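> Quick one: the structure is below, questions incoming.
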Amino acid sequence: AREAGIPTILMNRGIESQESAVSQILTDRKPCIARFAEIFADHMGKTGNYAIVHTSSNADTAACVAAFAEAMKGVESMTAADQIDVDEYNIEAVKESIRQLLANKPEISALVCGNGVQARAASEVAEELEKEMAVFCLDGNDDAISTMILSGKIAAAIVKPSEDIARS
């Protein structure tokens, strides 16, 4: 886009190349994730086993997961039973990984997902297995996540207000 003379602004996708965009708008996710961890723990009654579904090769997701794990250290009554590393956007592969996880660890009562695709997969697997399980999302798209929250398919998410950021 830049080579074609189109100014490009990146939102929440920091890159090292200074030539690629006119500007980069980044948010400090750590305070958001710390608050999210509080909401998660409160929603779960500060008890139970949970697992994290994420893609370790995505630096943004990896940073979110690390910040969440750090924030959850203060909630000793909750246990991170597992973490699974999944394909970022292949929903069928994500579903299969979640099915295997839940078969191996049926005590898991919540899944914390790295993105909206993973949260959707988790909610669909929970419904398919008729399993009472809370699903949370660390990073999602406004429309898709809002729809899932309003329909009760996921409990909570961090959603970047893209429209507000663009206006700013």
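> Which ranges mark the strands (runs of 3 or more DSSP E) fully within segment 18-112 that have 2 or more residues being polar (S, T, N, Q), open to solvent by 30 Å² or more (accessible area, probe 1.4 Å) and under 30 Å from Ala4 (Cα atoms)?
Those strands (runs of 3 or more DSSP E) span 23-25.
> Can you confirm whether segment 66-78 contains a residue that is among the aliphatic types (A, V, I, L, M) and without any contact (Cβ under 8 Å) to a residue 12 or more places away in the chain?
Among the residues of segment 66-78, at least one is among the aliphatic types (A, V, I, L, M) and without any contact (Cβ under 8 Å) to a residue 12 or more places away in the chain, which makes the answer yes.
> Before we move on, is Val112 more than 26 Å from Lys153 (Cα to Cα), in contact with a strand residue (DSSP E or B) (Cβ under 8 Å, 6 or more places away or on another chain) and hydrophobic (A, V, I, L, M, F, W, C)?
Against the criterion (more than 26 Å from Lys153 (Cα to Cα), in contact with a strand residue (DSSP E or B) (Cβ under 8 Å, 6 or more places away or on another chain) and hydrophobic (A, V, I, L, M, F, W, C)), Val112 does not qualify.
> I would also like to ask the following. What residue, among those in segment 132-143 that are at pLDDT below 85 and surrounded by fewer than 17 Cβ atoms within 10 Å (Cβ to Cβ), is nearest to the chain's Cα centre (by Cα)?
Asn141
> Among the residues of segment 144-151, is there at least one that is under 18 Å from Ile33 (Cβ atoms) and either crowded, with 21+ Cβ neighbours inside 10 Å or touching a helix residue (DSSP H, G or I) at 6+ places or on another chain (Cβ under 8 Å) (or both)?
Yes, the conditions are met somewhere in segment 144-151.
> When segment 113-125 is examined, which residues are found to be under 22 Å from Asp28 (Cβ atoms) and either open to solvent by 40 Å² or more (accessible area, probe 1.4 Å) or not in a helix (DSSP H, G or I) (or both)?
Cys113, Gly114, Asn115
> Quick check on Glu128: is it exposed (fewer than 13 other Cβ atoms within 10 Å of the Cβ) and farther than 20 Å from Phe40 by Cα?
yes
The values are calculated or read from the model by the stated rules, or taken from the named source; none is laboratory data. Worth saying up front: this structure is predicted, and the values here are computed from it rather than measured. Glycine also receives a Cβ, built like all others from the backbone with ideal geometry; neighbour counts cover every protein chain displayed. Only protein heavy atoms, including side chains, enter the accessible area calculation; ligands, DNA and RNA are left aside. Shrake-Rupley method; radii C 1.70, N 1.55, O 1.52, S 1.80 Å.
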